[in-house]
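The next block holds one structure in the form of structure tokens; read it before the comments.
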Amino acid sequence: MSMKKVAIAATLALAATLSACATPTPYQPKVTSGSVTGGFSEQKLEGDRYRISFAGNSLTSRETVERYLLYRSAELTVQQGYDWFETADHRTDRTARSYVEPDPFARPGFGYGYPYGYWRPSWRYFGGGYGWRTWDPFWGDPFFADRAQIRTIEKFEAGAEIVMHKGKKPEGDPRAYDAREIMSNLASTIQRPVAK
């Protein structure tokens, strides 16, 4: 099988793999494996105090992660029989990784008799300001030989420590949230997992 066919097959396999997991993290309990990872988790610290977090995958925006964290805080408050909550601590962490991916079609290593020197590919091209130029895998050229794509993948995780309360929420406290009002206002923006 020629190298061009191998490269095309590898590209198609990679595209099929990526399309299977090309979905932002929905509002779900935390999942660590599978096609869509991430989600919310909580830990009870005291009777009315919880630590809550929401982790998104590389397709989930920071705004979505923070919105889902706020929604989960409100939902848990109502589930525990409380009316409002306040944030005692809040943070959003960002992790980023950069990848350098060489162009598979610009790599040498194909053709009859390669690498024994019988035949090798070469191209001629016209470069503005340079005129006609030639590239082959042994002499190289900065225009073709080192083509690569640099991708940075970001993931966000938001966390908060909340304290739950009963009764009417105090006015004027920027850290206090009415749980039912938050759930009502954000309900239309919450993307739940697709049932299989």
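Sorting 170-177, 158-165, 69-76, 44-51 by their mean Cβ neighbour count within 10 Å, with the most densely packed peptide first, gives 69-76, 158-165, 44-51, 170-177.
Can you figure out the FRET efficiency of Arg49 with Asp178, using R₀ = 30 Å and their beta-carbon distance, to the nearest 0.05? It comes to 0.95.
Stretched out straight at 0.36 nm per residue, the stretch from Leu59 to Asp83 would grow longer than its current Cα-Cα span by 5.4 nm. By a 1.4 Å probe calculation restricted to protein chains, Thr95 has an accessible surface near 90 Å², given to the nearest 10.
What does the charge count around Ser98 come to, taking other residues whose C-beta lies under 14 Å from its C-beta (Lys +1, Arg +1, Asp -1, Glu -1)? Result for the local shell: +2. With all protein chains kept in place, the per residue accessible area of the stretch 18-97 amounts to 51 square angstrom at a probe of 1.4 angstrom. Between Thr152 and Glu101, the simple spin-label model (points 7 angstrom out along Cα→Cβ) gives 1.7 nm.
The values are calculated or read from the model by the stated rules, or taken from the named source; none is laboratory data. Predicted model only: the values in this text are computed from it and were never measured. Methodologically, a virtual Cβ is constructed for each residue, glycine included, from the backbone with ideal geometry; neighbour enumeration extends over all protein chains shown. These accessible areas exclude ligands, DNA and RNA; they are computed on the full protein's heavy atoms, side chains included. Shrake-Rupley method; radii C 1.70, N 1.55, O 1.52, S 1.80 Å.
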